[in-house]
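Inspection log for the structure reproduced underneath, given as structure tokens.
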Amino acid sequence: MWWGHRIPVWYCKECSNINVFDDDYFDSLEEKTIFNIYGDTRISQFFSYNELSDYLYSQNFTHEDKTNLEFYEKIVFRKEINGLKKENLKEFLDKTYKKIPVLNSENNEHFIGFPPHAVFYLYINNLLPRSFTVDDLIKAYKNHKKELKDIFTVFLSGIKKTEIFENKETLKQWLIDHSYGNCPNGRIFFSEVDGVFSVIEENIKDVKYFIDLKCEKCGSRVLAQEEDVLDTWFSSALWPFGTLGWPEKTPELQKYYPTSLLVTGFDIIFFWVARMIMMGLYFTKEKPFSDVYIHALVRDEKGEKMSKTKGNVIDPLDMAEKYGADSLRFTLAALAAQGRDIRLSEKRIEGYRNFANKIWNASKYVLQNVKNFNGNIIQDITSLELSAEDKWIVSKLQKIISNLENAINSYRYNDYANGAYDFFWHEYCDWYLEFTKERVYKGSDKDKQVALSTLIYVLDKSLRILHPVMPFITEEIWQQLPTKDKDYLSIAEYPKVNQNLIFENEENIIESLKELITAIRAARAEFGVQPSQKINIYIKPENEEIEKVLISLKNAVANLVKADKLEISQDLTEMKNMATAISSIGQAYLDIAGAVDVEKELERQEKLLKETEKYISIIEKKLSNENFV
Ligand SMILES: [Zn+2]
């Protein structure tokens, strides 16, 4: 029974009992469905085949791609309802339901009345043979007296000529009067031969099937359904506490009511949100929630509303099938900027699928090397002698934890998703993993222990951070972590900022190092050095501390800038005929002589110089003109 439709309450006219009927009253899915359709006032309690089939096979009001039968099959019961299929319906109804005759009144408007209906009712429900005597009829009537009276009181309201069945002689006379040759008004129901009467079936215009509801207290069928209708949103309004066992004072109600956040669309703020607040205040004296997050509407990549006719619908199930549920979920979170509609495109989902792959591959690198390592992974990394890059990544991590916490607390889901993405991909994978390779592959046991413990520490926290937006892949990986402290990641603790792991100095050094590497890469590109071509590079660090860090990361840096020979020394003197890259932690000299055509490059640079000089002289002329300034 749906809310917003007739209330499933039937009043007994005989004993005043209030009957509440629901699906459980009926055995088969077919009967449950028909009862629902009746309770929904789509058909009457006495329904014809056509009335029912018209409804079953017509389009559903809210699900335009389904018939009403399919709606019950796919959405309500999620099962085939075979008896109601077109080819089975007639047989199913005849087998399952009692029938009421609709007598043929076309020739005579006085045709309808209790006695003929009663006889035909008994006959079509196999309670009386086609040919019968007066005694047969009286016997059948007595056996089903209450049933007949009840049903006809409801079906033929006001017709009460039941007394005719009480007197054998009167009944016999009535039967004779309504037989061939005896009926002055043409009200012929029977043939009669020697006191044996036979039903004439042509008198039946149609039959109606009958949903047989009986008062649960006195058994009467004289029931009337409540005509009031509950507000469509009535039960939805009770949802915040109705789902927790209210009106009982259950532990669930105590723990989860009131709740903190409701997430919904803007179109039902008044219908639903306002009603929940009113009902909550009325019944529990408390508001049901404190925050309401009004989520965005999903549109296509051009910002147009998705519609079947436009053909721009992106089916989430297709996308989950194709790119994984994590990628789809992450995409929606990453695009959910407050106050804006989501412009969804398949390309975005594909892009975040690549992110999922990145998480998988990075984790594989870490876990594989942990597996190959003979020592222990240290959980409390503050006890380790961390290198500058270790300190940099854990320090960065503390800051991202704090940023993301702010983002999620203020419902900026896009900032959350994008922040987690940037940290994991562009700090942890792009840089930190590269920095660790030397120690992980070639380091001493102690070096390995520090690097792997830090890798695991950051991976563990990253998975906890990513879990809300990428639940499946993170859970899968987390199950394999040596630092796993709960059965499931979904119930593990969200990371907290550890002030002891914030290292401003190392953060600055590594950030500057990244800058230097980026500058070297830019210089290579600028001079047209092929990306795969290795060249000699010389770096002159600003001071001793930086020199130490750089030397410790020498191989990683060499790899990142594709250096054949990499020399790092504060004692380097200025080097001629080399390309330079400058950053706040030092200068780099790139020996590009062998890698590029020097003559050509000189020519290009000279041309550039001339152009620049020309430009400067124009500007100077302009500036020396007092009128211009
Ligand atoms: Zn009753």
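The values are calculated or read from the model by the stated rules, or taken from the named source; none is laboratory data. As the structure is a computational prediction, the values presented were derived from the model and not from experiment. Because the Cβ atoms are built from the backbone with ideal geometry, glycine has one as well, and the counts that use them run over all protein chains shown. For accessibility, only protein heavy atoms count, side chains too; no ligands or nucleic acids. Shrake-Rupley method; radii C 1.70, N 1.55, O 1.52, S 1.80 Å.
Against the definition (open to solvent by 70 Å² or more (accessible area, probe 1.4 Å), in a loop (DSSP other than H, G, I, E, B), away from the ligand (no atom under 16 Å from the Cβ) and at pLDDT 90 or above), how does residue 255 come out, yes or no?
no
Residue by residue through the range 34-63, note down the ones that are assigned to a helix (DSSP H, G or I) and either of a type in the set (A, V, I, L, M) or closer than 16 Å to residue 210 by Cβ (or both).
34, 35, 37, 38, 39, 49, 50, 51, 52, 56
In the range 263-274, is there at least one residue being among the aliphatic types (A, V, I, L, M) and either under 17 Å from the mean Cα position of the chain (by Cα) or in the same structural domain as residue 473 (by TED's automatic domain parsing) (or both)?
yes
Go through the range 523-552 and give me each residue that's touching a residue at least 40 places away in the same chain (Cβ under 8 Å), in contact with a strand residue (DSSP E or B) (Cβ under 7 Å, 6 or more places away or on another chain) and open to solvent by 30 Å² or more (accessible area, probe 1.4 Å).
527, 536, 540, 542
Looking only at the range 565-579, count every residue that is within 57 Å of the chain's Cα centre (by Cα) and modelled with pLDDT of 90 or more and tell me the total.
Number of matching residues: 4.
In the range 316-344, what residues are open to solvent by less than 30 Å² (accessible area, probe 1.4 Å) and in a loop (DSSP other than H, G, I, E, B)?
Correct list: 324, 336, 337.
Name every residue in the range 270-286 that is surrounded by 13 or more Cβ atoms within 10 Å (Cβ to Cβ) and not aliphatic (A, V, I, L, M), in order of residue number.
If the condition is that a residue be surrounded by 13 or more Cβ atoms within 10 Å (Cβ to Cβ) and not aliphatic (A, V, I, L, M), then 271, 272, 275, 280, 283, 284 are the ones that fit.
For residue 393, state whether it is part of a loop (DSSP other than H, G, I, E, B), touching a residue at least 24 places away in the same chain (Cβ under 8 Å) and surrounded by 17 or more Cβ atoms within 10 Å (Cβ to Cβ).
On the way: part of a loop (DSSP other than H, G, I, E, B): no; touching a residue at least 24 places away in the same chain (Cβ under 8 Å): yes; surrounded by 17 or more Cβ atoms within 10 Å (Cβ to Cβ): yes.
It is false that residue 393 is part of a loop (DSSP other than H, G, I, E, B), touching a residue at least 24 places away in the same chain (Cβ under 8 Å) and surrounded by 17 or more Cβ atoms within 10 Å (Cβ to Cβ).
Could you check how many residues of the range 408-426 are modelled with pLDDT of 95 or more and either surrounded by fewer than 18 Cβ atoms within 10 Å (Cβ to Cβ) or under 18 Å from residue 474 (Cα atoms) (or both)? If you could, list the steps in order and put the result at the bottom.
Just the residues of the range 408-426 that are modelled with pLDDT of 95 or more, to begin with: 415-426.
Retained after the next criterion (residues that are either surrounded by fewer than 18 Cβ atoms within 10 Å (Cβ to Cβ) or under 18 Å from residue 474 (Cα atoms) (or both)): 416-426.
Selection size over the range 408-426: 11.
Give the number of residues within the range 208-218 that are more than 8 Å from the ligand (Cβ to nearest atom) and open to solvent by 30 Å² or more (accessible area, probe 1.4 Å).
The qualifying residues number 3.
What number goes with the only condition from (1) open to solvent by 20 Å² or more (accessible area, probe 1.4 Å); (2) more than 16 Å from the ligand (Cβ to nearest atom); (3) more than 23 Å from residue 90 (Cβ to Cβ) that residue 127 does not pass?
(3)
Which one of 93, 69, 56 is within 30 Å of residue 139 (Cβ to Cβ), at pLDDT 95 or above and surrounded by 19 or more Cβ atoms within 10 Å (Cβ to Cβ)?
93
In the range 16-50, what count of residues is obtained for those that are within 16 Å of the ligand (Cβ to nearest atom) and open to solvent by less than 10 Å² (accessible area, probe 1.4 Å)?
Restricting attention to the range 16-50, the residues satisfying the condition of being within 16 Å of the ligand (Cβ to nearest atom) are 16-21, 25.
Checking the rest, the ones that are also open to solvent by less than 10 Å² (accessible area, probe 1.4 Å) come to 19, 21.
Residues that pass the stated criteria total 2.
Within the range 219-244, work out how many residues are open to solvent by less than 60 Å² (accessible area, probe 1.4 Å), closer than 22 Å to residue 155 by Cα and in a loop (DSSP other than H, G, I, E, B).
5
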